[in-house]
Amino acid sequence: MILSYEEMELILPELILVLGIILSILLPNVGDAKMRLPLTRMRIPIFIGGTRFKLTADPRLPGRMTVAIFSLAFLFSFLEIKSASGTIGDVIEVTQFTRLMSFIFYGALLLACIATTYRMPAKVTARAPKDSDSEARSNALISALMDNRRQVDFYILMMMVGLGMSLMAMSTNLFFMFVSIELASLAAYILVAFHKEEATGGEAGAKYFIVGSVASATGIYGMSLVYLWAGDLDFDTLSNSWSSMDSLDPLAVIGVGLMLVAFGFKVSAAPFHLAAPDAYAGSSSPVAGVLATASKAMGFVALFRVLIQITMPEEGDAFWYVLLAIIAIITMTWGNLAALTSRNPKRMLAYSSVAHAGYMLAAIAAVGSGLGSSEANEMVLIAIVFHLTILVLFKLGAFLVLSMLEIEGRSHQLKDLHGLASRDPMMAGSMFIFMLALAGVPPLSGFLSKLLMINGIVNISAGTGSSSADAILPWAESVDPVFWLAIAIVINSALSLFYYLRICLVMFFEEPESSKPLRSAYFLRNSIIVLTFLTVFFGIGSGAEYLLGLVTDAVSTM
Amino acid sequence: MGENKQEWDRLLYIIPFLLVVPYLYLTNENSTDYWWLIIASPFIFFFIIAIVGQIWNKHNFWVNNLKEGGVLGLGALSLSLSTSIWMICDYLSDHGHVETGEPLSWLSFDVLTYGDDSWSIATSGFSGIGFGIYLDSLSIMLLFVATFLCFLICWFAIGYMTTDSINDNSNHRFFAEFVLFSMGMFGMVLADNFLWLFIFWEIMGLCSYLLIGFYYWKPSAAYAAKKAFLTTRVGDVFLMIGLLMLYDIYGSLDFAVVFDHPDTGVGGVAVDSAELQTALLMLFIGAVGKSAQFPLHVWLPDAMEGPTPVSALIHAATMVNAGLYLVARMVPFVDIHHHGVAGMEELGLIVAWIGGITAFMAAAIAFVQNDIKKVLAYSTMSQLAYIFTGLGATLWLFNSGKHHAGALVFGGSLFHLFNHAMAKGMLFMASGSVIHEVHHAHDHLHHHGDDDHDFDPQDMRNMGGLASKLPVTATAMMFGSMSIIGIPLIGGFWSKEVIIAKTWYAYFHGAEELIGPALLLLATAGMTGFYMSRMWFMTFAGEPKNQLVDHVHETTPWIKTPLVILSIITAIGGFGLALYGMVDWLSGEENHLSIHKATFLKQVIYELDHAFLPDDLKLRYVGWTTIFLSFIIGPVMAARIYGGALKEGEKATPVIHWLTSLSGKFGSQNVDEIANSQLADALQNRLYFDDLYEGILARTIIPFSNFTAWFDRTVIDGVIKQIESNSVLGSVQIRKVTTGSARDYILMAAVGALSIFALIWGVN
């Protein structure tokens, strides 16, 4: 199928990524290879292979190129957010919502790539060890050479993750969505296990892969049941069939239930989240950051598609709302409780990410209750998408600060953060802001999203309370249980402050093991500073209004 | 000279800042569109100086060329100053009110409201608070005072702070806080809304705390900072209550709304005078705290622990005027000619009494102070109290329908605010110059092995005979003191005369309760003459009391220039502005500053006639008594006790030389007996106010605090700890599920999947 010019423009960022993947494969192999024409003595250059040119042999090339590619894709997604609209074939539909999502994905991946250029640096000066080198020295040299060798692999995988996520958001068809998710997920499994020489990396990758493939298999089984029931996998058709269904068809319900398991794994909802903390802790911080933000956003898009778009009835409650509410409460409580005693900052952030998933699931459950008006429902969805957007700022930001520590081989223990404020006040300050934003402290953007979410849930449920009750207790008894989801979020937020603030505490009040400042890591450091600024900027005033406007427009096209 | 030239080169850095306003002017921009420059420029430079200073600390360029941020601060303040002068010029040529400003939109989102027996979603219940500016002659005058003095004192501070080794590379902290304070002051003056006024008021309070505690390693400085902060906090609580009450009455805190018809509250209801009076009294308590009036005055003398430029700026020239500004803003409420609320005479009386008591008490305490800055601090309290009394009389006169007299004393009070700010700012800078040079001389001697740790460079008993060593400072201080004393024709005379005369006028015309303040002010006038002269004579006249005086000399041009500029303003500014009708302009009676008589000479004669020979015979007696007390009795007594000619052969400027030798001619008087009396002792101990407060606190607040601390530790912390330990327990349990084995994870997922189906079936 040849794309028309308009269609190409529509998916320009994705095309850039495809081009990037192709270039990543080709470019590092460009050399001075020549081929002798048969039977002649003429040798014509074919450029693939041979001795590589100085430029193409540079190990830093893939990293730089990928950063450039992601920057372009990020930029074009942003430019198209307001205008994007159109379909390609039967499977891709580009809307403002999908563009906003790809904007989020590319932003997260871009930041992760920038961080990786420092986390897994390509060293031009790397050489093979000599006999005279000490053992430690030659080990270091070998690992530098290995890092050089696998630069291309890493960045190709990153681009595949981006491509998969973005296509997934655009798909209008369960099957295409599944393929896209798998494209992103399979690449992500490898990325988790990428530092396989480290003990935790390989194990984490394997576990994540095994549990993930079980979830995927469950999901695709669910899809096949849905296909059996409706005879189609297109979202619109499914939605129509669902609303024309008199009573719940067991086939359809089982299918959707099984899909919930798969997507529950993606958003790390309890009890499918168990592999996630292992995976986050085992992978490098930038990759963990991507899993916690972009991958989570992808899971929620899938949930939106299935739960809101297909199975949400016009009137009354959806069959899954009690179920989702229970999952949400278990998820957030589990995440926060487990984070309390985590001594590994990455694991702690992983559990915090589980808790955040719980908050968002609670919001979806409130929508599913069918109590609210369509405006109130839309407001909750806006809150969720807003939260997914700004999560890239502070959740990923926190992982990037951990990357700064990882560069010097630490970040697996709380004590690696000790005294960060005296070693590197800028980074400690940023981490402080990120933690406060995660905890939802005003006026940071994390507060705004949480507030919108709680406010939305309260809006949906409060109308059900007895209006004649003049005291709070009788009213609380009469109100729909959905109201208690908001209370659960509030209580859990209070609980979560404990471990977020502990990070701040050790950063500012403990003595560091060494007083050496962190590596300068110019671009990474400045990215973190920009994220810190944006975390504040999008929390209040015109910044918040702008982003909320963007999200509102996007959600209206969902 | 070469070195001086190099110092002047530093000023080149502020040229870009000075070019902004001419550029905007030439492009035909409207000055009121750029009011935000006044606030934004110091605010931005607060961050720049604080951050860059941290990064570039000890960097050669930063220390020597940018004076550790001082030059940047000066630049930012020069931009504020030039913008405000531009605005003032526009205002003076256009006249009339200016209210402008876009409401700064705050967060707005849907909120849940309960009304009409049901819950409903209301969009945006809170539309935001707009920040705009409110310009009238009062705010224009204060804006000029604030920008001008901030600029000059920053200039002075560059010389004072950066040559002091004790500051040890932390001057960027000083300058950052200095410009932040300036922003607070500018914002407070410009704000068109009581809420913003309060916000900036608190910013100033914070900066005052930080700057008093600048030498935080000194326990006395840390204590003084804490005391200043907490004492003003007492006032601020009342201020906030007052603001809430005002909001309750008017439904808004915008000046434009509130001042429009102060007699009709929200919903067109007539305002209850008792309620409004209570609200205004609450505001007044806030003002009392900020302006260090009895009984919340205890913090100001201790605040002198801060660096001298801080004393000059915050605790003499600008921040303490905030309270006066607030009280001056109450005038529309009581002005019954313009929809004011009748029946609030008590308010004016209370303000006047507080002022009178403070004026007298502070002057009395100033008699016995030997620390040059403490004398000035008490003098500040006393002079501010004058203005409070004037404003009290204003409120009374306005409320009892004597509009003309009220306007006159209102203008006079504000004019005194202006004169006092200029003079007192300069006096503090001059005292800073003295302290700085004495300190250097001491360091110089100390260097030669004369070790003396107890030496206090602020103690006037170590000085004497400095007139020949510090000619510029001595002249400046002379003019400043004359202005404060109210020597005829110099600065403060023109305003002080109005205040005293009109307070008596109010007494003669029905306010019998004002006899107290009126008498106290009269007595204070003479006392002012005494203690200010005493300070000057002790410092500059007579024989040197310490050998180090020989080593004192004026050094840096950073210190001298502001003194010269302010000396000129203090000496002739009062008369000059009085000629141009400053009093009527400030009270809003006139729209222009201009000469009203046909010729300049006629105007001069009219003003002099008016000041010395008023029509009302009673007021003529009052006026001449004031002059007699302040000009003759006070200074002559001081000269008898403390005066004396300079040492033989010492050269000073002719006027100073004449003044010192004159002071020696009144003979001398031994005051040991009085100095050892119980009264002197009580004055030394500041009339035991501090002891009283500490005693009360020790008996009331501290036991209560101990109880709450116990409650917090055992009950609240206990509950929290219990929750925490339970949570941790739960956490440990729940993490046991995370075994680390993929098999278990899949098992859990399967359990989850089965529960999903169970739930679906259970529910549906």
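Read the figures in this text as sums done on the coordinates, not as results from a lab. Given the structure is predicted, the values throughout are model-derived calculations rather than measurements. When we count neighbours, we look across all protein chains shown, and the Cβ atoms used for this are built from the backbone with ideal geometry, even at glycine.
For a label point 7 angstrom out from the Cα of B:TRP761 toward its Cβ, which stretches of region A:246-285 have the backbone nitrogen within less than 16 Å? Under cut-off, by backbone N: A:248-258. Take the Cβ atoms of B:LEU19 and A:GLU197, set R0 to 45 Å, and the FRET efficiency comes out at 0.15. Helix B:717-737 versus the longest principal axis of chain B: what angle, 0 to 90°, nearest 10, using Cα atoms? That works out to roughly 40 degrees.
Only helices reaching 27 angstrom along their own axis (Cα) with mean Kyte-Doolittle hydropathy no lower than -1.0 count here, and for the DSSP H runs of chain A these are A:61-80, A:96-119, A:151-170, A:199-230, A:321-340, A:345-368, A:374-407, A:482-509.
Axis angle, to the nearest 10 degrees, between helix B:15-26 and the longest C-alpha principal axis of chain B: 90 degrees. Annotation: for a label point projected 7 angstrom from Cα along Cα→Cβ of B:ASP263, residues of region B:403-428 with backbone N closer than 17 Å are B:403-404.
Peptide A:330-336 is shielded by partner chain Cβ atoms: per residue, an average of 2 of them sit within 10 Å of its Cβ.
Between A:SER213 and B:VAL719, the FRET efficiency estimated from the beta carbon spacing at R0 = 51 angstrom works out to 0.65.
Short to long, the 5 Å bins of the Cα pair-distance histogram for region A:316-558 hold 1, 7, 13, 17, 17, 15, 11, 8, 5, 3, 2, 1, 0 percent of all pairs.
Straight-distance candidates among the aspartates and glutamates for linking to A:LYS196, with alpha-carbon spacing under 12 Å and chain neighbours fewer than 8 residues away dropped: A:ASP147. Straight-distance candidates among the lysines for linking to A:LYS395, with alpha-carbon spacing under 19 Å and chain neighbours fewer than 8 residues away dropped: A:LYS266, A:LYS296, A:LYS346, A:LYS450.
Within region A:443-558, the ratio Rg/Rh, alpha carbon atoms throughout and Rh by Kirkwood, equals 1.13. By the count of neighbouring beta-carbon atoms within 10 Å, fewest first, A:PHE103, B:PHE600, B:PHE148 end up ordered B:PHE600, B:PHE148, A:PHE103. Normalising the Debye intensity of region A:124-216 to I(0), with uniform scatterers on Cα atoms only, and taking log10 at q = 0.13, 0.20, 0.24 Å⁻¹ returns -0.58, -0.96, -1.14. Modelled label positions at B:LEU662 and A:LEU75, each set 7 Å beyond Cα in the direction of Cβ, lie 7.8 nm from each other. Of B:ASP690, A:ASP147, B:ASP609, the sequence from fewest to most neighbouring Cβ atoms within 10 angstrom is B:ASP609, B:ASP690, A:ASP147.
The mean count of C-beta atoms from other chains within 10 Å of the C-beta of residues in A:267-273, rounded to a whole number, is 4. Suppose R0 equals 60 Å; then what is the FRET efficiency for B:HIS337 and A:ASP249 from their Cβ-Cβ distance, rounded to the nearest 0.05? Once the sixth-power term is evaluated, E becomes 0.15. The ranking of A:PHE319, A:PHE97, B:PHE156, B:PHE508 by Cβ neighbour count inside 10 Å, starting from the fewest, reads B:PHE508, A:PHE319, A:PHE97, B:PHE156. Roughly what % of Cα-Cα distances in chain B sit above 42 Å, to the whole percent? Value for chain B (Cα pairs over 42 Å): 34 percent. For B:ASP335, the residues whose amide H sits under 5 Å from its own are B:GLY340, B:VAL341, ignoring neighbours fewer than 5 places away on the same chain, with H placed 1.01 Å from N. Kirkwood's formula applied to the C-alpha pairs of the protein assembly as shown gives a hydrodynamic radius of 35.9 angstrom. Working note: Cα gyration tensor of region B:650-764, eigenvalues times five, square-rooted, sorted largest first, giving semi-axes of 85, 25, 14 Å.
Can you tell me what percent of all Cα-Cα pairs in chain A are more than 48 Å apart? Tail of P(r) above 48 Å: 13 percent of Cα pairs. With each label modelled as a point 7 angstrom along the Cα→C-beta vector, the A:GLU315-B:TRP56 pair spans 7.2 nm. Taking a straight line from the alpha carbon of B:LYS374, these lysines sit under 24 Å away, with near neighbours fewer than eight places off in the same chain left out: B:LYS218, B:LYS226, B:LYS227, B:LYS290, B:LYS424, B:LYS469, B:LYS496, B:LYS545, B:LYS560.
Working from label points 7 Å from Cα in the Cα-to-Cβ sense, the A:ASP131 to A:GLU375 distance is 8.4 nm. For the Cα atoms of chain B, what angle does the longest principal axis make with the long axis of helix B:372-399, in degrees from 0 to 90, nearest 10? It works out to around 80 degrees.
Taking the Cα of B:TRP710, stepping 7 Å toward and past its beta carbon, and measuring to each backbone N in region B:679-704: which are under 16 Å? Within reach of a label on B:TRP710, which here means backbone N under 16 Å from a point 7 Å along Cα→Cβ, region B:679-704 contributes B:699-704.
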